[in-house]
Amino acid sequence: MSDEAGRTETAAGPGDAPVGIDPRGPRAGAGITALLLAVVILLWTSTAALVLLAVVAASFLLGAVRGAQGTWQAWVFRTVLLPRIGPTAEREDPRPPRFAQAVGLVITGAGVVLGLLGVAAAVPVAAVLALVAAVLNAAFGLCLGCELYLLLRRVAPAR
Amino acid sequence: MTPAVLPALLLLATLLATVVLGAWWRRRQGVVRSARGEPDDAAGAVVDWAAHGVDLGERRTFVQFSAELCAPCRATARVLGEVSASHPDVTHREMDVDDHLDLVRAFGVLRTPTVLVLDAQGREVARASGGMNRAQALAALAVGEGPETVPAGVRA
């Protein structure tokens, strides 16, 4: 199948990985998102909660399309936080954070749609789920894609 | 109108549960588990590793299952690449789970990265899942070898 030689042989994709991004950016962005989601929970089933959840969902849409580095949270990180903490040489592949943004979009988007359809409880429920994911990402660096991707891939029909 | 205390309690409970979950998750990262217990009928004994493009090292081989959407896989690949580069009898092979779903299923791999440690015959002696650091990689190398061959300072 393969006759490459060498100490580390890579059959995975990282070789053609796109330009890396500062790994602290997506985590700081997740922290900002977590704050907003906490406010959504406190606003409970009000219209204000629905509007704020829609704002969060729109931010996730931006991140799912442009990558986590293309969100307004990333802009806040670059203009407010980065000048204070200084640059780092560390880089990470932008694709995992972008996948996380898509996961966030599915959760919060479902909450917004159900909320608009009159299922008021869906707003705080979606906010709780998204908050768990955002805090795990921001505070612990948990990579949701790493935990879920293979499980989903395994239940999907084999090629 | 819902009393304001209910949302606040839910928020607090959510944060607490998340912190517990996150702490538990982080403790499991890269922890090395010995495969002793299921010696000969383990999947590793019947896998033709060469057919999967894996050159077995004379001492140990790291087989790392990775996915594209996985940042800790990159860091782990770096660590294992360095460790195998400094040990001539150890090799490291990174496999994309999408291309090796048969192996993923045979070995019951559930998350990425998962690292199998194989002996010279291709049998699994240990495995770890989640991001691995250098100390954990060295500890994984020492599994199944007599305590006299355990390099000093593994428990860094």
- Task: Using per-residue counts of other Cβ atoms within 10 Å, averaged over each peptide, order A:123-129, A:63-69 from highest down.
- Result: A:123-129, A:63-69
- Message: Tell me the relative contact order for chain A as a rounded percent, counting alpha carbon contacts under 8 Å between residues six or more apart.
- Response: 32 percent
- Query: With the other protein chains left in place, how much accessible area per residue, in square angstrom, belongs to the range A:23-155 at a 1.4 angstrom probe?
  - Reply: 46 Å²
- What shape does the range B:31-149 have by the C-alpha gyration tensor, where a ≥ b ≥ c are the square roots of the eigenvalues, rounded means a/c under 1.5, and otherwise prolate means a/b greater than b/c and oblate the rest? rounded
- Task: Please list the non-local residues whose amide H lies under 5 Å from the amide H of residue B:92, H modeled 1.01 Å from N, same-chain partners needing a gap of 5 or more.
- Result: A:9, B:62
- Other protein chain Cβ atoms within 10 Å, averaged over every residue that makes up B:91-104: 5
- Can you pull the mean other chain C-beta count within 10 Å for peptide A:38-48? 3
- Please sort B:128-140, A:77-89 by packing, taking for each peptide the average over its residues of neighbouring beta carbons within 10 angstrom, highest first. B:128-140, A:77-89
- Counting only protein heavy atoms and rolling a 1.4 Å probe, how much accessible area do B and A lose on contact, total for both sides, in Å² to 100? 4200 Å²
- Note on the structure: Given Cβ charges of +1 for Lys and Arg and -1 for Asp and Glu, the option among A:120, B:64, B:5 whose Cα lies farthest towards the positive end of the dipole of the protein assembly as shown is B:5
- Query: What percentage of the solvent-accessible surface of chain A, computed with a 1.4 Å probe over protein heavy atoms, is contributed by carbon and sulfur atoms?
  - Reply: 69 percent
- How would you classify chain A from its alpha-carbon gyration tensor, with a ≥ b ≥ c the square roots of the eigenvalues: rounded for a/c under 1.5, else prolate if a/b is greater than b/c, otherwise oblate? oblate
- Taking GluC sites (Glu not before Pro) as candidate sites, keep only those in a DSSP loop with at most 11 other Cβ atoms within 10 Å, then name the longest stretch of chain A containing none of them. A:5-89
- Query: Hey, any idea what % of chain B's accessible area is carbon plus sulfur with a 1.4 Å probe?
  - Reply: 60 percent
- Residue-averaged beta-carbon neighbours from other chains (10 angstrom radius) around B:14-21: 5
- Mean Kyte-Doolittle of at least 0.5 plus a Cα span of 27 Å or more along the axis: flag which DSSP H helices in chain A meet both, please. A:24-43, A:47-66, A:95-116
- Does the protein assembly as shown come out rounded, prolate or oblate by the C-alpha gyration tensor, with a ≥ b ≥ c the root eigenvalues, rounded set by a/c under 1.5 and, if not, prolate when a/b is larger than b/c and oblate if not? prolate
- Note on the structure: Summing -39500 (n - 2.57) over every DSSP H run of at least 4 in chain A, dividing by its residue total and rounding to the nearest 500, the 222 nm mean residue ellipticity is -21000 deg cm²/dmol
- Task: Just report the Cα centroid separation between the range B:108-146 and the range B:61-95, whole Å.
- Result: 10 Å
- Protection proxy (average C-beta count within 10 Å per residue), highest first, orders B:76-85, A:18-27 as B:76-85, A:18-27
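The values are calculated or read from the model by the stated rules, or taken from the named source; none is laboratory data. For clarity, every value in this text was computed on a predicted model and none was experimentally measured. Every residue, glycine among them, receives a Cβ derived from its backbone with ideal geometry; neighbour counts consider all protein chains shown. We work out accessible area using only protein heavy atoms, side chains counted, and drop any ligands, DNA or RNA first. Shrake-Rupley method; radii C 1.70, N 1.55, O 1.52, S 1.80 Å.
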